[in-house]
Amino acid sequence: MARRGFPAEAARIQELWLAGRKDEAVAAVPDEYLEENAFIGDEQRIRRRWASWSPPPLSTGLIVDVPGVEELRLAAALRDGS
């Protein structure tokens, strides 16, 4: 998070987490960070973001965590270019 331009936020989140204030730590994650680093929203929004996304330097993969089969199918379709 710090290397991606959010050093102060990363430090604050770590401080909260280590203090056992996990809910506050999660709430402290900036929306801008999530927007830059996650594909969140409806299918059309995810497709638009995917079309303009390129992996950061030194990236070796993409973590996929989806709530169900339909979302997994969308991830597979995007990977396959459809």
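Given the -39500 (n - 2.57) contribution per DSSP H run of 4+ residues, what per-residue ellipticity at 222 nm results for the chain, rounded to the nearest 500 deg cm²/dmol?
About -16500 deg cm²/dmol.
Tell me the angle of helix 7-18 to the major Cα principal axis of the chain, expressed in degrees between 0 and 90 and rounded to the nearest ten.
Relative to the chain, helix 7-18 is tipped by roughly 70 degrees.
Run through the chain and list the trypsin sites (Lys or Arg not before Pro) located in a DSSP loop whose Cβ has at most 14 other Cβ atoms within 10 Å.
Arg3, Arg4, Arg21
Please give the helix 43-52 orientation as an angle from the longest Cα principal axis of the chain, in degrees from 0 to 90, rounded to the nearest 10.
Around 80 degrees separate the two axes.
How far, in degrees from 0 to 90, does helix 69-80 lean away from the longest principal axis of the Cα atoms of the chain, to the nearest 10?
70 degrees
Once you keep just the Cα pairs under 8 angstrom separated by 6 or more residues, what percentage relative contact order results for the chain?
Across the chain, relative contact order equals 17 percent.
If you count only protein heavy atoms with a 1.4 Å probe, what accessible area per residue comes out for the chain, rounded to a whole Å²?
Details: 6570 Å² over 82 residues.
With the other protein chains kept in place, the chain gives 80 Å² per residue.
Of the labelled options (i) 17, 51, 26, 5, 0; (ii) 15, 39, 31, 14, 1; (iii) 16, 54, 29, 1, which one gives P(r) over Cα pairs in 10 Å bins from 0, in percent as computed for this structure?
Read-out from the structure maps to (ii).
The values are calculated or read from the model by the stated rules, or taken from the named source; none is laboratory data. Remember, it's a predicted structure, so these values are computed and weren't measured experimentally. Methodologically, a virtual Cβ is constructed for each residue, glycine included, from the backbone with ideal geometry; neighbour enumeration extends over all protein chains shown. These accessible areas exclude ligands, DNA and RNA; they are computed on the full protein's heavy atoms, side chains included. Shrake-Rupley method; radii C 1.70, N 1.55, O 1.52, S 1.80 Å.
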